[in-house]
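This report concerns only the one structure given below.
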Amino acid sequence: MLELTILNNKERIDPAAATATLPKIKSDPMAGWYNLPLEAPDLSKILSAAKMIQAQSAYLVCIGVGGSYLGHRAIIEALEPNSPTKVLYAGNSLSPHALKAVFDEIGDADFSVNVISKSGTTTEPAIAFRLFKQKLIEKYGESEAPRRIYATTDASTGILHDEAVAASYATFTVPENIGGRYSVLTDVGLLPLAVAGVDIKELLNGAKQMAEHKTPAIRYGALRAALAAGNYDTEILATFEPRLQLFGEWWKQLFGESEGKDGRGIFPASVTYTTDLHSLGQYVQEGRRNIFETVLDFAEPEHPDLTIPSSPDNLDNLNYLAGESLAHINHQALVATIKAHSATIPVVQLKLPRISAGTLGALIYFFELSCAISAKLQGVNPFDQPGVEAYKKEMFKLLGRP
Ligand code: PA5
């Protein structure tokens, strides 16, 4: 399903060293994601909750930040699935404008809330949840409001867990042994995805296929660590499809939070070509040579019937493209970009058949595993994020938290 090609690789990669990290990753207390796709989870509770939400609500507001929202939002944006219920997002920033926009979009329509927080104490979702609870109570009353709240959190501890039990919310679980950014294939992602109309069985099946064939992830993890050792400190994830922009955000969070510690790690950036060939493309071609690029290449042409018409006067000189599909031209731009960039920096080409639930599931597992390998080989813990506490301490001081 996924073919990996490395171009202009001057670093010697050592897949043996990467393979040797696998037992350590697998036995890590936070590696619940490692075998998850092989375990055939029971999806009945998620599917029946999704059905109920679709029957009751025009909108599901997903409240969460970081790993609690990026993965499922990225998949929904990429697949644009059909559902009677639209999934909206809140609690991933402190912007009043963003929150008001969600209130305005809901208007008088029926809605439910899925609050997602493993710790239950994260400020952004906690504030948004309080505001949406108030809206639910105003619209549905004290006794009906809790029936429209779905809480995805730790199975046994935490403020949100305790509130969910006390108020009898429907609950879903963030497994104890899976951190936020590795959690998209758990209840965290599966409930909103099922509500949005994504085929979650196909998603998990794609991840399973990748979990059964780990070689490409091992090679990619090994390559990243070798490039990091060779002073390549920046990686760019490139796609040629605007609806994958948020997938780039998920990828940046996974790698940035997993690797960036102890003064180490590769800085992850993402671009959408061809748009960004007219901005960052210049830097990639001729700027500092400390970067490498990973390009997602989906082979199957989309909308092949969208072709360039012939023009009798050819005033724009585009008749040489007449009859070609836009998909073909976009793919030729991808081939040309890889050729131009790999003349000067290492480029990893990841070929997949098409953008689908299955290939996204495969990519998610591929990146989770390669990220864990690459971080371990660079000597950092892929599963913690101690650095995010620093700004919180300062903010809580300013806000006067007791
Ligand atoms: O990857 C992580 O662990 C983080 O990005 C968390 O997902 C994020 O901070 C949200 O945490 P929580 O789910 O506890 O609210």
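The values are calculated or read from the model by the stated rules, or taken from the named source; none is laboratory data. Please read all numbers here as calculations on a predicted model, not as lab measurements. Cβ: placed from backbone, ideal geometry, glycine included. Neighbour counts: every protein chain shown. Surface accessibility is based on the protein's heavy atoms, side chains included, excluding ligands, DNA and RNA. Shrake-Rupley method; radii C 1.70, N 1.55, O 1.52, S 1.80 Å.
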message: So if I check each of Ala327, Ala333, which one is more than 30 Å from Pro15 (Cα to Cα), surrounded by 16 or more Cβ atoms within 10 Å (Cβ to Cβ) and away from the ligand (no atom under 16 Å from the Cβ)?
response: Ala327
query: If you scan segment 79-118, which residues turn out to be open to solvent by 40 Å² or more (accessible area, probe 1.4 Å), free of Cβ contacts under 8 Å to residues at least 40 places away in the same chain and within 16 Å of the ligand (Cβ to nearest atom)?
result: Asn92, Ser93, Leu94
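The rows are residues; the columns are (1) of a type in the set (S, T, N, Q); (2) out of contact with any Leu (no Cβ under 6 Å at 6 or more places or on another chain); (3) free of Cβ contacts under 8 Å to residues at least 24 places away in the same chain; (4) in the same structural domain as Leu237 (by TED's automatic domain parsing).
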residue	(1), (2), (3), (4)
Gln253	yes, no, no, yes
Gly256	no, yes, yes, yes
Gly260	no, yes, no, yes
Ser270	yes, no, no, yes
Arg289	no, yes, no, yes
Leu315	no, yes, yes, yes
Thr359	yes, no, no, yes
- prompt: Applying the selection to segment 53-69, what residues are touching a helix residue (DSSP H, G or I) at 6+ places or on another chain (Cβ under 7 Å), among the hydrophobic types (A, V, I, L, M, F, W, C) and open to solvent by 10 Å² or more (accessible area, probe 1.4 Å)?
  reply: Val65
- prompt: What is the one condition in (1) within 16 Å of the ligand (Cβ to nearest atom); (2) open to solvent by less than 10 Å² (accessible area, probe 1.4 Å) that Gly221 does not satisfy?
  reply: (1)
Candidate set: segment 370-402, residues that are in the same structural domain as Leu223 (by TED's automatic domain parsing), away from the ligand (no atom under 16 Å from the Cβ) and not small (Gly, Ala, Ser); chosen: the one least open to solvent (accessible area, probe 1.4 Å): Ile373
message: Of the residues Ala155, Ala145, Ala170, Ala126, only one is surrounded by fewer than 17 Cβ atoms within 10 Å (Cβ to Cβ), aliphatic (A, V, I, L, M) and at negative phi; which?
response: Ala155
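For every residue, the table says whether it meets (1) within 16 Å of the ligand (Cβ to nearest atom); (2) more than 25 Å from Ser356 (Cβ to Cβ).
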position	(1), (2)
Val165	no, yes
Pro175	yes, yes
Pro192	yes, no
Leu204	no, no
Met210	no, no
Tyr232	no, yes
- line: Picked from segment 50-81 (must be in a helix (DSSP H, G or I) and in contact with a Cys (Cβ under 9 Å, 6 or more places away or on another chain)), the residue nearest to Glu105 (Cα to Cα) is Arg73
task: Can you tell me which residue within segment 29-49, out of those that are within 21 Å of the chain's Cα centre (by Cα) and not in a loop (DSSP other than H, G, I, E, B), is farthest from Ala207 (Cα to Cα)?
output: Ile46
